[in-house]
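What follows is a short report on a single structure.
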Amino acid sequence: MFVINERLWQILISSLPKLLIPFLTISLKITVLTFIFGTLLAMLIAIVQIAEVPILKQLARAYIWIFRSTPLLLQLWIIFFGLPTLGFKFSGFTAAVIAYSMNEAAYNAEIIRSSILAVPEGQIEAGYMVGMNYFQIMTRVVLPQAARIAFPPMFNSLIALVKDTSLASSVTVIEMMAVARQIAARYYEPFALYCETGLIYLVVCTLLTKLQSYLEGRLVWKSTDNHPSITSGNKAQEAA
Amino acid sequence: MLGVRNLHKSFGSNEVLKGVDFTINDGEVVAVIGPSGSGKTTFLRCLSFLEKANSGEYIFDDLDKDITKITRKEIKALRMKMGFVFQNFNLFRNMTAIKNVTEGLTVVRKIPEDQARVKAETLLDKVGMLDHANYYPDELSGGQQQRAAIARALANDPEVVMFDEPTSALDPELIGEVLSVMTKLAEEGTTMIVVTHEMNFAADVADRIVFMENGRVVEEGPSEEVLKNPKEEATKRFLRRILEHDE
Ligand SMILES: Nc1ncnc2c1ncn2[C@@H]1O[C@H](COP(=O)(O)OP(=O)(O)O)[C@@H](O)[C@H]1O
Ligand SMILES: [Mg+2]
């Protein structure tokens, strides 16, 4: 039977910083970089489709099709192991950020596109009737509303990303999973070490989910000055 | 003065407006009535260029032009001289009531924020919404939203304001507050085109009634005359049905 004895406690406690440091410096760094690049690229991919830019629109559709229909791990391996054959060589870390960003962009582009399209036509027409032009309507009316619609699914994809960074260990990146494997092998305690690693993911993702509900509550258009009694908790429920 | 001659509009093979002639003079209030699907909304949307007409002549003050030849720049200038009140209000959901009113003033006309606010407060006061100036649309009742939308439509001091069934999305108990704001505007001499099923409003407030059916203006005349002594069989039929319905 599996028991946590003195020795195991020592291993688990001494492993914690060894796991947390690569998590904070590598895994979360990949997550943040990916989210920034992935979202910027996603905006471009969404906008060329909504603005119906001739050739770019078809390219965007093809891009989304390819990146959503193949495994992320495969995309990562093509960039890290495959591209050097064509003369493009990246470090594992760079390859991971590129692969994740391109993959994230495909998913987020669809979220952004559908969020923009979800803003009712009447909002746009009202903009025209007060004299605004297309650009003014987009920046002042449509995008702020679309951002609110896109926020929950975008945040979900951010949380998924935190977990997906584990794949980077397969391209020589010493992130948390790679470290866990090393420690587990050294002490012959894979079960305990992987559970500990899992717990770290669990805690971080739970905190992120809490942050998400809090932010969603803040995103509701409410004149809080007029409703001192409404707490953000209530608002989050109303938003749900 | 705003008008059209021989206005045609089709959606695909469905001809919705079949040669509409219409004029409204400054200070006039015209009620447009007619069965559902007769083209009333499409008519207002063509007048405001939210819909592209297929042919017709467009008249606005000194402008008299083929409606299909009106440029984007002209459309923008014309829209600044008109207000549009939608059936579903369409207040900008990400802005407070007062921001809805100031938005066009500050963004389009580049009026300084503080001046725009003064103007918006006057307009919100006029529609009885000053105490709700800082509320967002989602926090307002339908009647309140529509009154704020009316204030927004008045922000540019329009020469004509169009209303597309402004009360038909409202709960019955909220209709009165919107109609009374519109009555006040009419009394102040606002030029208004009102598509409505509110026959009492048409009778009491409108100077003239235009009855549309099946994409055509079938009958028009002073409100009293059209309501009391309709000449056309179609008008009689429509009025009989709607009056029965009201009881
Ligand atoms: N965007 C559109 N596309 C296709 N058909 C439309 C559109 N808008 C209106 N129609 C059609 O035009 C006709 C008149 O509609 P509408 O102007 O809304 O009438 P009303 O406002 O008098 O009820 C209807 O048959 C409607 O189905
Ligand atoms: Mg209609």
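The values are calculated or read from the model by the stated rules, or taken from the named source; none is laboratory data. These figures come from a predicted structure and were not determined experimentally. All Cβ positions, even for glycine, are placed from backbone atoms using ideal geometry, and neighbour counts span all protein chains on display. Please note that ligands, DNA and RNA were not included when accessible areas were found on the heavy atoms of the full protein model with its side chains. Shrake-Rupley method; radii C 1.70, N 1.55, O 1.52, S 1.80 Å.
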| field | Hey, B:F163 within 16 Å of ligand 1 (Cβ to nearest atom), surrounded by 18 or more Cβ atoms within 10 Å (Cβ to Cβ) and at the interface with another protein chain (Cβ under 8 Å from one of its Cβ atoms) or not | value | no
| field | Breaking point among (1) open to solvent by 20 Å² or more (accessible area, probe 1.4 Å); (2) at pLDDT 95 or above, for B:D62 | value | (2)
| task | Looking only at segment B:126-143, decide whether some residue is among the hydrophobic types (A, V, I, L, M, F, W, C), assigned to a helix (DSSP H, G or I) and either open to solvent by less than 20 Å² (accessible area, probe 1.4 Å) or away from chain A (no Cβ under 13 Å) (or both). | result | yes
| Within segment B:190-204, restricting attention to residues that are within 16 Å of ligand 1 (Cβ to nearest atom) and under 19 Å from B:K81 (Cβ atoms), which residue is nearest to the other protein chains (Cβ to nearest Cβ)? | B:I193
| request: Please list, ordered by first then second residue, the pairs with beta carbon atoms under 7 Å, 6 or more apart or interchain, first in segment B:24-50 and farther than 14 Å from B:V194 by Cα, second assigned to a strand (DSSP E or B) and within 11 Å of ligand 2 (Cβ to nearest atom). | output: B:S38/B:M212
| query | Being within 11 Å of another protein chain (Cβ to nearest Cβ), of a type outside the set (A, V, I, L, M) and buried (at least 21 other Cβ atoms within 10 Å of the Cβ), is that true of even one residue in segment A:112-128? | reply | yes
| How many of the residues making up segment A:164-185 are open to solvent by less than 20 Å² (accessible area, probe 1.4 Å), not in a loop (DSSP other than H, G, I, E, B) and not β-branched (V, I, T)? | 5
| field | Matching entry among B:E57, B:E51 (being assigned to a strand (DSSP E or B) and open to solvent by 30 Å² or more (accessible area, probe 1.4 Å)) | value | B:E57
| said: Conditions first: (1) more than 14 Å from every other protein chain (Cβ to nearest Cβ); (2) within 16 Å of ligand 2 (Cβ to nearest atom). B:T68 passes all but one, so which condition is the exception? | reply: (2)
| message | If I go through segment B:1-19 residue by residue, how many of them are β-branched (V, I, T) and either within 14 Å of chain A (Cβ to nearest Cβ) or within 16 Å of ligand 2 (Cβ to nearest atom) (or both)? | response | 1
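Yes/no matrix, rows are residues, columns are (1) among the polar types (S, T, N, Q); (2) open to solvent by 20 Å² or more (accessible area, probe 1.4 Å); (3) closer than 22 Å to B:S48 by Cα:
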residue: B:D157; (1), (2), (3): no, yes, yes
residue: B:E173; (1), (2), (3): no, yes, no
residue: B:S180; (1), (2), (3): yes, yes, no
residue: B:M199; (1), (2), (3): no, no, no
residue: B:P222; (1), (2), (3): no, yes, no
residue: B:V226; (1), (2), (3): no, no, no
residue: B:T235; (1), (2), (3): yes, no, no
| said: Quick check on this structure: which one of B:F49, B:F22 is within 15 Å of ligand 1 (Cβ to nearest atom) and within 14 Å of chain A (Cβ to nearest Cβ)? | reply: B:F49
| query | Looking at (1) assigned to a loop (DSSP other than H, G, I, E, B); (2) open to solvent by 20 Å² or more (accessible area, probe 1.4 Å); (3) more than 14 Å from ligand 1 (Cβ to nearest atom); (4) at the interface with chain A (Cβ under 9 Å from one of its Cβ atoms), which is the only condition B:L91 fails? | reply | (2)
| said: Please verify whether B:R79 is open to solvent by 20 Å² or more (accessible area, probe 1.4 Å) and within 10 Å of chain A (Cβ to nearest Cβ), treating the condition exactly as stated. | reply: yes
| request: Looking at (1) crowded, with 17+ Cβ neighbours inside 10 Å; (2) at positive phi, find the lone condition where B:G37 falls short. | output: (1)
| Hits in segment B:166-183 (condition: in contact (Cβ under 8 Å) with a residue 40 or more places away in the chain and either assigned to a helix (DSSP H, G or I) or away from chain A (no Cβ under 13 Å) (or both)) | B:P166, B:S168, B:E177, B:V181
| task | Would you check if B:E103 is away from ligand 2 (no atom under 16 Å from the Cβ), open to solvent by 20 Å² or more (accessible area, probe 1.4 Å) and not in a loop (DSSP other than H, G, I, E, B)? | result | no
| Of (1) open to solvent by 50 Å² or more (accessible area, probe 1.4 Å); (2) more than 18 Å from A:G122 (Cβ to Cβ); (3) touching a Gly at 6+ places or on another chain (Cβ under 9 Å), B:A169 satisfies all except one. Which? | (2)
| said: Based on this model, can you work out whether A:A236 counts as assigned to a helix (DSSP H, G or I), at pLDDT below 95 and surrounded by 17 or more Cβ atoms within 10 Å (Cβ to Cβ)? | reply: yes
| task | Say whether the condition of being assigned to a helix (DSSP H, G or I), more than 16 Å from ligand 2 (Cβ to nearest atom), free of Cβ contacts under 8 Å to residues at least 12 places away in the same chain and not charged (D, E, K, R) is met by at least one residue in segment B:149-160. | result | no
| Would you pick out the residues in segment A:129-163 that are of a type in the set (A, V, I, L, M) and open to solvent by 50 Å² or more (accessible area, probe 1.4 Å)? | A:L143, A:A147, A:I149
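Every residue, every condition in (1) modelled with pLDDT of 95 or more; (2) assigned to a helix (DSSP H, G or I), yes or no:
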| position | (1), (2) |
| --- | --- |
| A:L33 | yes, yes |
| A:E52 | no, no |
| A:T70 | yes, no |
| A:F88 | no, no |
| A:A95 | yes, yes |
| A:Y100 | yes, yes |
| A:Y107 | yes, yes |
